[in-house]
Structure formats: C-alpha cells, structure tokens
1. Taking the stretch 246-287, which residues are assigned to a strand (DSSP E or B) and either under 28 Å from residue 224 (Cβ atoms) or under 20 Å from the mean Cα position of the chain (by Cα) (or both)?
2. Consider residue 6 carefully, then state whether it is touching a Lys or Arg at 6+ places or on another chain (Cβ under 9 Å) and at pLDDT below 50.
3. If you go through the stretch 184-196 one residue at a time, how many are more than 10 Å from residue 160 (Cβ to Cβ) and buried (at least 17 other Cβ atoms within 10 Å of the Cβ)?
4. Among the residues of the stretch 201-245, how many are part of a strand (DSSP E or B) and touching a helix residue (DSSP H, G or I) at 6+ places or on another chain (Cβ under 8 Å)?
5. Considering the stretch 99-123 alone, what residues qualify as being crowded, with 20+ Cβ neighbours inside 10 Å and either among the β-branched types (Val, Ile, Thr) or closer than 24 Å to residue 71 by Cα (or both)?
6. Go through the stretch 264-323 and count every residue that is closer than 25 Å to residue 69 by Cβ, hydroxyl-bearing (Ser, Thr, Tyr), out of contact with any Lys or Arg (no Cβ under 6 Å at 6 or more places or on another chain) and surrounded by fewer than 23 Cβ atoms within 10 Å (Cβ to Cβ).
7. (1) in contact (Cβ under 8 Å) with a residue 60 or more places away in the chain; (2) in contact with a strand residue (DSSP E or B) (Cβ under 9 Å, 6 or more places away or on another chain): which one isn't true of residue 294, the others all being true?
Amino acid sequence: MKQFKILLFTSFLLLNGAIESCTNKIDNDVVTVSERKILVNNEPYLIKGICYHPVPKGSDKRSFSNLTEDLALMVEAGINTIRVYSPIDDKAVLDEIDAAGLKVIIGFGYNQNGNFDILSGSFINYITTYKNHNAILLWELGNEYNYHPEWFGGDIKNWYAALNTAADLIHQTDENHPVATAHGELPDAMTLSLTDNIDVWGINVYRWDNPVSIFAEWSVVSSKPMYLSEAGADSYMTISKGVYEQGPNEIAQADATKKILEGAFSAPDICSGVTLFAFVDELWKAGNNSELDPGGWAPNSSGVPYDGTPNEEYWGIVNIDRSTKKAYDIVKNIYTSLSNNK
C-alpha cells in the first residue's frame, strides 16, 4: 500500500510538472569539505569505493550496458562510491547510479580531443549540465599526470598551472561539489604550492600490500582531505613467490586486497577512504580484446603485490563475465563492516 501511494504521488508530481530535470533537481545532497573531512549534508563521508571502467569483451570502448548487474554487485559488496576516468554523459546512467544509492567521482582528462576535456575548456560544459545531479560526489581533474611531463612540453608545472586554473573555474561554476585531482604518489611542496585551488587530493598508492605510511607523510605536507584514488592488486603472478604460484592467482589478489583495505581505513582522521582498482577485468589493455592476456604496463607500478608486475588485464574483483573473484568477498566483508557514512 505504501509503494502504491508513493507511485500515485509521483504521478501527480509528474503531471503537474513538479519533478525537474537533473540540472534542476530539488533537495540535492550538498558536498563540502571541512578540515580533513569530506562532508555530505554536513556529515562525514567515508569513501568505500571502486574504480569503474567497464569495457565489454571484444571491445576497447567503455559501455554501461551491464550497469544494472554491476550496481547490484556493488551494492551487495557495500560499495558506496564509483570513480570513473572520464565523464558519464548520460543522465539515465547517473540516475540509475543515484537510485542504487551510490555516488560518483567524475574524472576529466587534459586532452581528449575536445570531449569534455581541460585543454579545450569543454569540461565546464559538462559541469554546468550535471552539477545538480545527486549522484555527483567530486569533480576530479587528471589521473597521475605527474608521471607524464612529456604531455606538457616537458615541464610538469604547465600541468599544475592548468589544473589550478580549471579548479578555480569549477569553483565559480559549482558551489556544491569539491574539486579533486588524482596524483601519483605523494605530491611534493612545489606541487601543493602551485595547486591551492584543489580541495581534495586523491593519491594513487602502490606500496606493496601496505599503504599506511602515506598517511603520516600526507599529514606533514597538507591539512586538506585525501583519499586513496587507486590501490589494489591484480590476480596474476608473473613469477612464483613465497606461497603464491605463477599464473592466474586469486588468492594472491585477495590476500593483498585484505591488507591494503585494512590499511586504507586505519587512519580515518587522515584518509577519507579508497576507490579500489578495479571493479572488472579490462581485456583491452594488453592484447586480444576478447581474452585475458598477461602483461600490460603502468608507470611507477613496481610496488604491485606480490610479484612487482602490473598485469593490467587482471585487476578486477569480478571477471569480464561478472563472476566474483576471491577479492570481491574481501571487499564485501570489509566494506559492509564499516559504518555507512553518507
């Protein structure tokens, strides 16, 4: 009966034009920062997150065709935040994420041929369109670009200048969402001095199976909120090491994931959570797009447990067919045991 009354009330609102589009939605969550905390409606928000770039088997393009099943798996695992590397320009996708009770960290690239990128300035068009969508948690600029000065005329300061300017423009456009960046490892004093418009620092950390040392280091250099924008382990061992045999190895991934996540949530006064890398295996990264291939490469990733090698197609906590790996159960056990700050 309660559901029927809700449906009737919703229909009444629709008929009277009272439900607005995503760009004019009423009573949206307000996201702010205070000292070292990310706040949603003035309450501390703990990111129990996952990096999400769903590319179907046989393709190299992102697709949300499997979104409903993926969200069900995420909800079951206690995930409350999705981090994406490029904007989701589809209101229906954002609506479904919001309806599932999850937030999204929307990432923008620097040069994406004018497709909502920083170089062209078109990223601000996306923000103007979606800034009032309730699914949005943070706007995030770049992903470990500090490893690529060659993209910026050989001088990484060019990136930091563009980053700081873009963050300022977002602040002028949207008062309800903080601006983040995802930095490879701990930013140095120069980086921080050139990017004072950044509100939240995501840090991609691959320090074997223990990221804890980053928290004390961060507390010395900054008083702003931070979270682990990437951390995790793959499910392939390039070599045999210790108890972990060479080849596909879900036990190695699960053991490392457990230690990494326990570490990530060990300093709640410093760290606002983690977006674990990654939700689903990415078959497009190292060879045949229709099958898993060992290999692949990522800069500064020798800290990957337990073989020091990032096999780029094996990072999912579910495989391409959405069968869960052992690491999925680890994520579920840890995330569901934490209070659901939101």
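1. The answer is 271, 272, 273, 274, 275, 276, 280.
2. no
3. Residues in the stretch 184-196 being more than 10 Å from residue 160 (Cβ to Cβ) and buried (at least 17 other Cβ atoms within 10 Å of the Cβ): 3 in total.
4. Qualifying residue count for the region: 6.
5. Passing the criteria: 102, 103, 104, 105, 106, 107, 108, 118.
6. 1
7. It is condition (1) that residue 294 fails.
Residue by residue, here is whether (1) more than 20 Å from residue 274 (Cα to Cα); (2) not β-branched (Val, Ile, Thr) holds:
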position: 74; (1), (2): no, yes
position: 84; (1), (2): no, no
position: 91; (1), (2): yes, yes
position: 113; (1), (2): yes, yes
position: 125; (1), (2): yes, yes
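The values are calculated or read from the model by the stated rules, or taken from the named source; none is laboratory data. Remember, predicted model here, so these are calculated numbers, not experimental data. With ideal geometry, Cβ positions are generated from the backbone for all residues, glycine too; neighbour counts draw on all protein chains shown.
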